Amino acid sequence: SSGINAESGSSGINAEYGINRSADFRHHNLEFRGGLDVYANVVRCMSFEGIQTHHTGIDLIAIRENTEGEYSSLEHESVSGVVESLKIITQEKSMRIAKFAFDYAREHNRKKVTCIHKANIMKLSDGLFKACCKEVSEDYPMIEYEEQIVDNTCQQLVINPQQFDVMVMPNLYGNLVSNLAAGLVGGAGVVPSKSYGENIAVFEPGARHTWMEMKGMYVANPAAMVLSSAFMLKHLQLHEAGDLLIKAVNNVLNKRSCMTIDLGGNASTHDMTKAILSEVDLLA
């Protein structure tokens with residue numbers, strides 16, 4: 001047959017399916033991370049007293065390898081109607097992210113690291129990632145190490161998220177798990193993240209698509225960006241200023257008097273930002 005093109009009958013994938021066939025096409029986020037080698041994405045998902053959720057007492061760290069895996073952008077149409085996408089897992093980068101995760105756990109007084117994988121099916125690629133994490137774990141006897149298959153991880157997050165401390169995983173799983181965990185603590189608007197390269201750090205909201213559909217309506221929750229800014233201050237050794245911002249956000253969320261629509265309120269982005277700034281003034 002002539003491939004996926006019901007409209008014109010020519011071979012190949014029709015543009016009506018929204019697929020860019022150019023070998024040079026790459027999402028700008030991937031270009032950014034790859035160009036700067038920002039290899040470790042760290043998302044912290046923690047419960048807030050003022051946000052009513054099904055679970056309480058969550059405080060987990062999702063560490064995601066940021067430069068390879070399914071997001072390597074190596075795709076091609078091998079024959080008409082058949083697309084291949086390559087998942088790249090290397091020993092070098094798997095060892096690097098595993099060591100980062102254990103170093104992070106040690107430096108932040110975390111007790112356990114869980115390797116998230118699908119090595120029961122992807123025995124070579126995820127098998128390599130898992131083996132690297134296991135090897136690195138042997139250098140950190142003070143930190144508990146466990147392994148968990150990613151589909152079980154998603155179920156366990158819904159049932160008992162408090163069991164997780166630091167989680168380390170390849171690229172795609174990190175995207176899925178961090179967004180799932182964000183939903184458990186109040187959504188994209190309250191989850192910050194930080195990403196690290198060898199000589200660079202980037203700070204941004206930890207969950208993707210933070211109310212992009214509401215662009216220009218001024219109802220997005222500013223907490224995630226403010227918390228990310230606080231982490232940036234702490235990274236720059238401005239710990240007092242960073243802690244002040246975190247406390248201010250906590251106070252606003254706990255009072256529940258100025259909440260954006262995603263948290264059940266009707267405050268605008270400006271209103272909630274102003275409330276946070278007022279708390280900063282009170283705490284300073």
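The values are calculated or read from the model by the stated rules, or taken from the named source; none is laboratory data. Computed from a prediction, not measured in an experiment: that's the story for all the values here. No Cβ is skipped: glycine too gets one built from the backbone with ideal geometry, and neighbour counts run over all protein chains shown. Side chains included, ligands, DNA and RNA excluded: accessible areas come from the protein's heavy atoms. Shrake-Rupley method; radii C 1.70, N 1.55, O 1.52, S 1.80 Å.
Within the stretch 66-87, is there a residue that is within 21 Å of Glu204 (Cα to Cα) and either open to solvent by 30 Å² or more (accessible area, probe 1.4 Å) or modelled with pLDDT of 95 or more (or both)?
As a first pass, look at the stretch 66-87 and keep what is within 21 Å of Glu204 (Cα to Cα): 66-68, 71.
Imposing the further condition that a residue be either open to solvent by 30 Å² or more (accessible area, probe 1.4 Å) or modelled with pLDDT of 95 or more (or both) reduces the set to 71.
Checked against the condition, which is being within 21 Å of Glu204 (Cα to Cα) and either open to solvent by 30 Å² or more (accessible area, probe 1.4 Å) or modelled with pLDDT of 95 or more (or both), the stretch 66-87 yields at least one hit.
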TODO: Please work out which one of (1) assigned to a helix (DSSP H, G or I); (2) surrounded by fewer than 20 Cβ atoms within 10 Å (Cβ to Cβ) is the condition Gly265 fails and give its number.
DONE: (1)
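Checking the structure you have, find out if any residue of the stretch 238-249 is at positive phi and not acidic (Asp, Glu). Please lay out each step first, then the result.
Within the stretch 238-249, the subset at positive phi is none.
Within the stretch 238-249, none of the residues are at positive phi and not acidic (Asp, Glu).
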Open item on the list: Could you tell me how many of the residues in the stretch 102-142 are farther than 22 Å from Asn66 by Cβ and of a type in the set (A, V, I, L, M)?
Closed with: 2
Open item on the list: So, Ala220, is that one more than 14 Å from Asn41 (Cα to Cα), modelled with pLDDT of 95 or more and open to solvent by less than 40 Å² (accessible area, probe 1.4 Å) or not?
Closed with: no
Open item on the list: Could you check the stretch 60-73 and list, in sequence order, the residues that are touching a Ser or Thr at 6+ places or on another chain (Cβ under 7 Å) and either farther than 20 Å from His117 by Cα or not charged (D, E, K, R) (or both)?
Closed with: Ala62, Asn66
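Per-residue answers, yes or no, for (1) basic (Lys, Arg); (2) out of contact with any Gly (no Cβ under 6 Å at 6 or more places or on another chain); (3) within 27 Å of Glu138 (Cα to Cα):
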residue: Phe48; (1), (2), (3): no, yes, no
residue: Glu65; (1), (2), (3): no, yes, yes
residue: Gly69; (1), (2), (3): no, yes, yes
residue: Ser73; (1), (2), (3): no, yes, no
residue: Ser80; (1), (2), (3): no, no, no
residue: Glu84; (1), (2), (3): no, yes, no
residue: Glu92; (1), (2), (3): no, yes, yes
residue: Ala98; (1), (2), (3): no, yes, yes
residue: Ala105; (1), (2), (3): no, yes, yes
TODO: Please specify each residue of the stretch 52-81 satisfying the condition of being β-branched (Val, Ile, Thr) and under 23 Å from Asn175 (Cα atoms).
DONE: Thr53, Thr56, Ile58, Ile61, Ile63, Thr67
Task: Test result for Val150, among the aliphatic types (A, V, I, L, M), closer than 23 Å to Asp37 by Cβ and under 19 Å from the mean Cα position of the chain (by Cα) - done: no
- [ ] Please work out if Leu176 is surrounded by fewer than 19 Cβ atoms within 10 Å (Cβ to Cβ) and over 30 Å from Glu146 (Cβ atoms).
- [x] no
Task: Of residues in the stretch 32-59 being charged (D, E, K, R) and in a loop (DSSP other than H, G, I, E, B), the one surrounded by the most Cβ atoms within 10 Å (Cβ to Cβ) - done: Asp37
Task: Breaking point among (1) modelled with pLDDT of 95 or more; (2) open to solvent by less than 20 Å² (accessible area, probe 1.4 Å), for Tyr145 - done: (2)
TODO: Taking Gly187 as meeting all but one of (1) more than 15 Å from the chain's Cα centre (by Cα); (2) on the phi > 0 side of the Ramachandran plot, write down the number of the exception.
DONE: (1)
Task: Exclusive hit being of a type outside the set (D, E, K, R), surrounded by 18 or more Cβ atoms within 10 Å (Cβ to Cβ) and in a helix (DSSP H, G or I), set Ala62, Ala105, Ala119, Ala131 - done: Ala105
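Here's the yes/no breakdown for (1) more than 21 Å from the chain's Cα centre (by Cα); (2) under 26 Å from Gly197 (Cα atoms):
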| position | (1), (2) |
| --- | --- |
| Arg44 | no, yes |
| Ser47 | no, no |
| Ile61 | no, yes |
| His76 | yes, no |
| Val83 | yes, no |
| Lys93 | no, yes |
| Thr114 | no, yes |
Open item on the list: Residues that are open to solvent by 50 Å² or more (accessible area, probe 1.4 Å), free of Cβ contacts under 8 Å to residues at least 40 places away in the same chain and of a type in the set (S, T, N, Q): does the stretch 204-216 have at least one?
Closed with: no
